[in-house]
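So the structure is just underneath, and the comments pick up after that.
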Amino acid sequence: MSAKIISGNEIAKQIREELKADVENLQKKHNIQPGLVTILVGGNPASVSYVTAKQKTSKDLGFYSIQNDQQADIAESDLLKLISTYNKDPKIHGILVQLPLPKHINENKVLYAIDPDKDVDGFHPVNVGRLMIGEARFYPCTPYGIQQLLIRSGTKIEGAEVVVVGRSNIVGKPIAMMLVQKKDGANATVTICHTKTKDMKTHTLRGDILIVAAGAPKSVTADMVKPGAVVIDVGVNRVGMTPEGKAILQGDVDFEEVKDTASAITPVPGGVGPMTITMLMLNTVRAAKMAAGIG
Ligand code: NAP
């Protein structure tokens, strides 16, 4: 039996349509236009393409949208001043600093300088702490996208055994923390695996929902997956180039094998990837509403 494909492209499109209506409504009823600034330091090609995609999506949705490009040698103090300016700008509701930053800049210092109410990436310790105690304002975008994929594909999360492979601060730990909360769309029993986990297969085989964010191509094979599990593959690994010079992407899950064991699975590309930018947009709309005391 072949698994149902959970399409991030389709679910992201659905959410963006809802957001577009929300943005129009905010403008009409409250005269509010969500504002997002993306700050790019240097010209790392992957970062340029991520920022370009974020800008395009925010403009398509009708945001007030600024792209602020800075030279790779900008002083840390100047970057902090720039953030402080946007912290005070009432037209800007969300500030996104594209990572990674050049080596001479302390990434944490920069991220922690963002006003937590404008931290639409959800990386500020205040927002991480709020997530932990079940009072999140912003969920980090990739875990938020994963949760929406599960909810909108009709996956039963409450009471499920969820196994997460990977414990990074941007994916593994926050998704585990979100799904264990005493809330709708959560209430799962969660296990986190990492490189020091003994006999990972004994854990993954228990997962009704298996979320893999390891950055290790095809590291999860069919023999590690519980028959009928829902598998979310977060991994994006560049494993080669097409003759036309396009990157060949591979997930962390051996899709061809696992699709015959799982009941549902996300593809790579077209699974978690498209959700991440969409959830950034959703967070920005939420920040705009919060600033106006709506909702
Ligand atoms: P990361 O910071 O490198 O963390 C990887 C985690 O996986 C670590 O906790 C590591 O364990 C664990 N790990 C690595 N290999 C493992 C293995 N063979 N068995 C068990 N655990 C293993 O990566 P990340 O930032 O979380 O990203 C993970 C993947 O998701 C990457 O491919 C990345 O490109 C992708 N990603 C996609 C999106 C998207 O929007 N689609 C967003 C973010 C990330 P240790 O802690 O013990 O080292």
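Residues of region 216-265 that are under 26 Å from THR189 (Cα atoms) and either touching a Gly at 6+ places or on another chain (Cβ under 6 Å) or of a type in the set (Lys, Arg) (or both): LYS218, LYS226, ALA229, ASP233, GLY235, GLY251, ASP252, LYS259, SER263. Would region 169-178 turn up any residue that is away from the ligand (no atom under 13 Å from the Cβ), closer than 26 Å to GLY270 by Cα and crowded, with 16+ Cβ neighbours inside 10 Å? Looking through region 169-178, at least one residue is away from the ligand (no atom under 13 Å from the Cβ), closer than 26 Å to GLY270 by Cα and crowded, with 16+ Cβ neighbours inside 10 Å. Scanning region 230-241 for residues that are surrounded by 24 or more Cβ atoms within 10 Å (Cβ to Cβ) and either among the hydrophobic types (A, V, I, L, M, F, W, C) or in a loop (DSSP other than H, G, I, E, B) (or both) gives VAL230, VAL231, ILE232, VAL234, GLY235.
Quick check on my filter: what residues within region 206-229 are part of a loop (DSSP other than H, G, I, E, B), within 11 Å of the ligand (Cβ to nearest atom) and either among the small types (Gly, Ala, Ser) or surrounded by 23 or more Cβ atoms within 10 Å (Cβ to Cβ) (or both)? Explain how you work it out, then say what you get.
Here is the first cut: in region 206-229, the ones part of a loop (DSSP other than H, G, I, E, B) are 206-208, 213-219, 221, 225-229.
Filter again for within 11 Å of the ligand (Cβ to nearest atom), leaving 213-219.
Within region 206-229, ALA213, ALA214, GLY215, ALA216, SER219 meet the criteria.
Just for region 127-153: of the residues that are of a type outside the set (D, E, K, R) and more than 24 Å from ALA214 (Cβ to Cβ), which one is surrounded by the fewest Cβ atoms within 10 Å (Cβ to Cβ)? Even if it seems obvious, please write down each step before you answer.
At the first step, the residues of region 127-153 found to be of a type outside the set (D, E, K, R) are 127-129, 131-134, 136, 138-151, 153.
Subsequent filtering for residues that are more than 24 Å from ALA214 (Cβ to Cβ) retains 127, 129, 133-134, 136, 138.
On the way: ASN127: 24, GLY129: 12, ILE133: 9, GLY134: 13, ALA136: 20, PHE138: 29.
Among those residues, the one meeting the criterion is ILE133.
Among the criteria (1) farther than 20 Å from MET178 by Cβ; (2) surrounded by 21 or more Cβ atoms within 10 Å (Cβ to Cβ); (3) away from the ligand (no atom under 16 Å from the Cβ), the one LYS91 does not fulfil is (2). Scanning region 242-295 for residues that are on the phi > 0 side of the Ramachandran plot and either crowded, with 16+ Cβ neighbours inside 10 Å or within 16 Å of the ligand (Cβ to nearest atom) (or both) turns up just one, GLY270.
So if I check each of SER2, SER77, SER84, SER47, which one is crowded, with 16+ Cβ neighbours inside 10 Å and either modelled with pLDDT of 95 or more or out of contact with any His (no Cβ under 6 Å at 6 or more places or on another chain) (or both)? Explain how you work it out, then say what you get.
Working: SER2 fails: crowded, with 16+ Cβ neighbours inside 10 Å; SER77 fails: crowded, with 16+ Cβ neighbours inside 10 Å; SER84 fails: crowded, with 16+ Cβ neighbours inside 10 Å.
Sole residue among the options that is crowded, with 16+ Cβ neighbours inside 10 Å and either modelled with pLDDT of 95 or more or out of contact with any His (no Cβ under 6 Å at 6 or more places or on another chain) (or both): SER47.
All of LYS156, LYS196 fail the test of being within 16 Å of the ligand (Cβ to nearest atom), surrounded by fewer than 16 Cβ atoms within 10 Å (Cβ to Cβ) and of a type outside the set (Ser, Thr, Tyr), apart from LYS196. Residues of region 36-58 that are polar (S, T, N, Q) and without any contact (Cβ under 8 Å) to a residue 24 or more places away in the chain: SER49, THR52, GLN55.
Taken together, the residues in region 75-115 that are touching a Lys or Arg at 6+ places or on another chain (Cβ under 8 Å), polar (S, T, N, Q) and more than 25 Å from LYS289 (Cα to Cα) amount to 0.
The values are calculated or read from the model by the stated rules, or taken from the named source; none is laboratory data. Predicted model only: the values in this text are computed from it and were never measured. When we count neighbours, we look across all protein chains shown, and the Cβ atoms used for this are built from the backbone with ideal geometry, even at glycine.
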